[in-house]
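Undergrad: For reference, the structure I am asking about is given below.
The values are calculated or read from the model by the stated rules, or taken from the named source; none is laboratory data. No experiment lies behind these values; they were computed from the predicted model shown. Cβ atoms come from the backbone with ideal geometry, glycine included; neighbour counts cover every protein chain shown. When the accessible area is computed, the model is the full protein with side chains, heavy atoms only, and any ligands, DNA or RNA have been set aside. Shrake-Rupley method; radii C 1.70, N 1.55, O 1.52, S 1.80 Å.
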Amino acid sequence: MKFFIDTADLAEIRDLAATGLVDGVTTNPSLVAKTGRDFLEVVREICALVPGPVSAEVTATEHAMMLAEGRKLAKLARNVAIKVPLTPDGLKTCRALANEGTMVNVTLCFSAAQALLAAKAGASFVSPFVGRLDDVGTDGMSLIRDIVQIYRNYPGLKTEVLVASIRHPIHVVEAAKLGAHVGTLPPSVLRQMFQHPLTDKGLAAFLADWAKTGQSILGETKAAAE
Ligand code: E4P
């Protein structure tokens, strides 16, 4: 499963990219607004930090303007994926950009029927929002199950299921069990995934026992080399 991070915060991206665990980045207009920075500049900088796909969302709602915005964003870097909303104009724009060889991420997907349309429109990614579905009392993860199953039935469909609106590590684990291709994780969720109290407890015990030996791994290496 690929891990994208769901933020437009450069400091967070720089910090997490250094772990070697980040395969891409997703942004949306709300995340960009939080930075208070120029959108194009932010996208350019993220693309330079992370070699994988970086989603940048159009804000027009009508096809011709969406296409113009998408083409402009696509010129920023070779790893930009244009995000379009799951509307008739969005999918028309998806088809046009995909035909030009541009990666497209179809966002705001809330049903399997919509996901099927996105795949037929040539999307590289479809983004079903699990957290927002959970918020309204439906099971977001069952949508992932349906989409993965449908796409598997048609190997000709190349769209990857990008699980979005992830709220906690269990969402990530469940999505991975279902075989989703990508999860886009808020930085806090990626950090939470490292945590387990038994890891901390075990490490403390190992280090305490090691200290009793009085040995140093690098010290021995140095002595052997001399
Ligand atoms: C990413 O592509 C989506 O825009 C994002 O995951 C939405 O997350 P939210 O529902 O927490 O705003």
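Undergrad: Of the conditions (1) without any contact (Cβ under 8 Å) to a residue 60 or more places away in the chain; (2) within 16 Å of the ligand (Cβ to nearest atom); (3) not hydrophobic (A, V, I, L, M, F, W, C), residue 45 satisfies every one except a single condition; which number is it?
TA: It is condition (2) that residue 45 fails.
Undergrad: Using the structure shown, decide if residue 190 is away from the ligand (no atom under 12 Å from the Cβ) and over 14 Å from the mean Cα position of the chain (by Cα). Show your work before the answer.
TA: Working: away from the ligand (no atom under 12 Å from the Cβ): yes; over 14 Å from the mean Cα position of the chain (by Cα): no.
Against the criterion (away from the ligand (no atom under 12 Å from the Cβ) and over 14 Å from the mean Cα position of the chain (by Cα)), residue 190 does not qualify.
Undergrad: Something else: Provide a single number: the residues in segment 138-154 that are surrounded by fewer than 16 Cβ atoms within 10 Å (Cβ to Cβ) and either within 15 Å of the ligand (Cβ to nearest atom) or of a type in the set (Asp, Glu) (or both). Before you say what the answer is, go through the steps one by one.
TA: Step one: list which residues in segment 138-154 are surrounded by fewer than 16 Cβ atoms within 10 Å (Cβ to Cβ), which gives 138-139, 142, 149, 152-154.
Imposing the further condition that a residue be either within 15 Å of the ligand (Cβ to nearest atom) or of a type in the set (Asp, Glu) (or both) reduces the set to 138-139.
Selection size over segment 138-154: 2.
Undergrad: Something else now. Go through segment 14-39 and give me each residue that's within 14 Å of the ligand (Cβ to nearest atom) and of a type in the set (A, V, I, L, M, F, W, C).
TA: If the condition is that a residue be within 14 Å of the ligand (Cβ to nearest atom) and of a type in the set (A, V, I, L, M, F, W, C), then 25, 31, 32, 33 are the ones that fit.
Undergrad: State all residues of segment 70-81 that are within 20 Å of residue 24 (Cβ to Cβ) and in contact with a strand residue (DSSP E or B) (Cβ under 9 Å, 6 or more places away or on another chain); if no residue qualifies, say none.
TA: Across segment 70-81, the qualifying residues are 70, 73, 74, 76, 77, 79, 80, 81.
Undergrad: I need the full set of residues from segment 69-99 which are out of contact with any Gly (no Cβ under 9 Å at 6 or more places or on another chain) and either open to solvent by 60 Å² or more (accessible area, probe 1.4 Å) or polar (S, T, N, Q) (or both), in order please.
TA: 71, 72, 75, 78, 87, 88, 92
Undergrad: Are any residues in segment 155-169 open to solvent by 40 Å² or more (accessible area, probe 1.4 Å) and within 15 Å of the ligand (Cβ to nearest atom), and if so, which ones?
TA: To start, the set of residues in segment 155-169 that are open to solvent by 40 Å² or more (accessible area, probe 1.4 Å) comprises 155-158, 160, 167-168.
160, 167, 168 - these are the residues of segment 155-169 that are open to solvent by 40 Å² or more (accessible area, probe 1.4 Å) and within 15 Å of the ligand (Cβ to nearest atom).
Undergrad: Is it true that residue 62 is surrounded by fewer than 14 Cβ atoms within 10 Å (Cβ to Cβ), within 25 Å of residue 91 (Cβ to Cβ), of a type outside the set (A, V, I, L, M, F, W, C) and away from the ligand (no atom under 16 Å from the Cβ)?
TA: Details: surrounded by fewer than 14 Cβ atoms within 10 Å (Cβ to Cβ): yes; within 25 Å of residue 91 (Cβ to Cβ): yes; of a type outside the set (A, V, I, L, M, F, W, C): yes; away from the ligand (no atom under 16 Å from the Cβ): yes.
It is true that residue 62 is surrounded by fewer than 14 Cβ atoms within 10 Å (Cβ to Cβ), within 25 Å of residue 91 (Cβ to Cβ), of a type outside the set (A, V, I, L, M, F, W, C) and away from the ligand (no atom under 16 Å from the Cβ).
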